[in-house]
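The values are calculated or read from the model by the stated rules, or taken from the named source; none is laboratory data. Quick caveat, the model's predicted, so the values are computed rather than measured. Methodologically, a virtual Cβ is constructed for each residue, glycine included, from the backbone with ideal geometry; neighbour enumeration extends over all protein chains shown. We work out accessible area using only protein heavy atoms, side chains counted, and drop any ligands, DNA or RNA first. Shrake-Rupley method; radii C 1.70, N 1.55, O 1.52, S 1.80 Å.
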Amino acid sequence: LSLGTNTGPVVLSVPAAQAPWQNASAPPSDWVPAFQLPIATAHSGYTGPQGQAVGLHLTYYRQQNYERKLVSSLNMLVTSQDDRWAQVSSGSANTELAGQSLPVVAAVLRQKSSVLDGNAVRLRAWRFYWVNGRFTASDVQAKLQGALSRLTGRGDDGAIVVLYTPLTPSLLESEARTAADAALQDFIRSHGANLVAALNQTREAH
């Protein structure tokens, strides 16, 4: 075992909805990111005051090894072999979480089943890491913080956080993306503290 690894079972806490947001009865999509061999996952849905639908994927890692690791080139939102979803654009977005500016990896995904259908479901997704009690979208920073966490005896726990929301089909692509980013931004503004608390609770539960 590596230094300071927490070997207890993971009980993954999920952030509770914060008013005026509410917990949704189901996530807005059944899309699941292609992250390899996590020790625990959660997928929850939230509804905002203007009817915004946001999904949250938490993908948790502990007792990492060569195959099971937080930062891996195999951890993708969508693989090229996926017969249901395709990633149609990628880039970045900026948000603020826990009082800190946070650049995130941003992408648009499209459901493949309806290529001929103008109303193909499209999702806007934001992705970033939580490791050593910090948030970052950088692979390099995530690896560095993971090493620091192990060296200081805090364990090798880490998570990939993915937020997503459907793009509004009636809007132009650029407008739909702006509206989607605003919904994700609003969700993070309301739930940043709850997200931090849920991840810390997961790491500290033994």
Seminar exercise, completed: Going residue by residue through segment 105-112, the Karplus relation 6.51 cos²θ - 1.76 cosθ + 1.60 with θ = phi - 60° gives ³J(HN,Hα) values, rounded to whole Hz and with x marking Gly or Pro, of 6, 10, 8, 10, 10, 10, 6, 7
Exercise. In degrees between 0 and 90, to the nearest 10, how far off the longest principal axis of the chain does helix 139-151 point, with axes built from Cα atoms?
Worked result: 30
Problem set entry | Computed magnitude of the charge dipole of the chain (debye, nearest 20; Cβ of K, R +1, Cβ of D, E -1) | 380
Exercise. L151 versus T168, label points 7 Å from Cα toward the beta carbon: distance in nm?
Worked result: 4.9
Problem set entry | All-pairs alpha carbon distance profile, the chain, 10 Å steps from 0, percent | 9, 35, 36, 16, 3, 0
Exercise. Ordering I39, I160 by how much accessible area each has at a 1.4 Å probe, largest first, what is the list?
Worked result: I39, I160
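Just how large is the dipole of segment 24-111 about the Cα centre, in debye to the nearest 20, putting +1 at every Lys and Arg Cβ and -1 at every Asp and Glu Cβ? Numbers along the way, then the final one.
On the way: 5 positive and 5 negative charges, 30 e Å.
Computed charge dipole of segment 24-111: roughly 140 debye.
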For this session: Amide H neighbours of Q63 under 5 Å, at least 5 residues apart or on other chains, H built in the peptide plane: list them.
Result: N6, D156
Problem set entry | In Hz, Karplus ³J(HN,Hα) per residue of segment 152-159 (6.51, -1.76, 1.60; θ = phi - 60°; x = Gly, Pro) | 8, x, 9, x, 10, 4, x, 9
For this session: Provide D82, D139 ordered by accessible surface of protein heavy atoms (probe 1.4 Å), highest first.
Result: D139, D82
For this session: Report the residue, chosen from Q22, Q145, Q100, that carries the largest GNM mean-square fluctuation when the chain is represented by alpha-carbon nodes joined by springs under 10 Å.
Result: Q100
Exercise. Which Cα, out of V32, V108, S170, lies furthest along the positive dipole direction of the chain (beta carbon charges, K/R +1, D/E -1)?
Worked result: V32
For this session: Scan around L97 for amide H atoms under 5 Å from its own, H built in the peptide plane at 1.01 Å from N, and keep only partners 5 or more places away or cross-chain.
Result: L102
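Regarding segment 1-85, what's the average projected area of the Cα-atom convex hull, expressed in nm²? Numbers along the way, then the final one.
Numbers: hull surface 29.7 nm².
Computing the convex hull of the Cα atoms and averaging its projections yields 7.4 nm².
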Exercise. If each of A19 and S90 carries a label point 7 Å out from its Cα toward its Cβ, how far apart are those two points in nm?
Worked result: 4.2
Exercise. What list of ³J(HN,Hα) values in whole Hz, one per residue of segment 51-57 in order, does the Karplus curve 6.51 cos²θ - 1.76 cosθ + 1.60 (θ = phi - 60°) give from phi, with Gly and Pro shown as x?
Worked result: x, 4, 10, 10, x, 10, 9
Seminar exercise, completed: If amide H atoms are modeled at 1.01 Å from N in the peptide plane, then the residues at a separation of 5 or more from L77, or on another chain, having amide H under 5 Å from its own are A34
Seminar exercise, completed: Computed on Cα atoms only, the convex hull of segment 100-188 has an orientation-averaged projected area in nm² of 7.0
Seminar exercise, completed: Taking Cα atoms only, helix 173-204 is inclined relative to the longest principal axis of the chain by an angle, in degrees rounded to 10, of 20
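Taking only DSSP H segments of four or more residues, each worth -39500 (n - 2.57), what value at 222 nm results for the chain once the sum is divided by all its residues, to the nearest 500 deg cm²/dmol?
Details: 2 runs with 45 residues, N = 206.
After summing the helix terms and dividing by residue count, I get -7500 deg cm²/dmol.
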Problem set entry | Accessible-area composition of segment 1-104, carbon plus sulfur, in percent [1.4 Å probe] | 49
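Please compute the per residue accessible area over segment 107-199 with all protein chains in place, 1.4 Å probe, rounded to a whole number of Å².
Values: 4020 Å² over 93 residues.
Roughly 43 Å² per residue, with all protein chains present.
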